[in-house]
Amino acid sequence: PRRLREQEGMPRRRGPLQLVSGPERIETSWWDGGGIARDYYIARDIHGVRLWIFRERTAPHRWFLQGVFG
């Protein structure tokens, strides 16, 4: 994943992103103390490109780009 820029807590990539759907919450390894907790979204950039992004559920709650839809 690549870290996204933020402005006022919202993700940006070539400008502001529009959240289209989500969140879909995914948590792993909570049982062994190595947990990952993320909220995934589908977003659209200013050029209409659809992106799969997530936000960390733990501080500092950064946004990341997981993938780009073809």
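Laid out as a table, the results:
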item: Residues of the range 39-59 classified as open to solvent by less than 90 Å² (accessible area, probe 1.4 Å), at pLDDT 95 or above and not acidic (D, E), total; result: 11
item: Residue tally, condition part of a loop (DSSP other than H, G, I, E, B) and touching a residue at least 12 places away in the same chain (Cβ under 8 Å), over the range 10-56; result: 8
item: The range 4-22 - residue that is open to solvent by less than 80 Å² (accessible area, probe 1.4 Å) and in contact with an Asp or Glu (Cβ under 9 Å, 6 or more places away or on another chain) and, of those, farthest from I42 (Cα to Cα); result: G15
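The values are calculated or read from the model by the stated rules, or taken from the named source; none is laboratory data. Note that the structure is predicted; figures quoted are calculated from it, not measured. We place every Cβ from the backbone using ideal geometry, glycine too, and count neighbours over all the protein chains shown. The accessibility values were calculated without ligands, DNA or RNA, using every heavy atom of the protein model including side chains. Shrake-Rupley method; radii C 1.70, N 1.55, O 1.52, S 1.80 Å.
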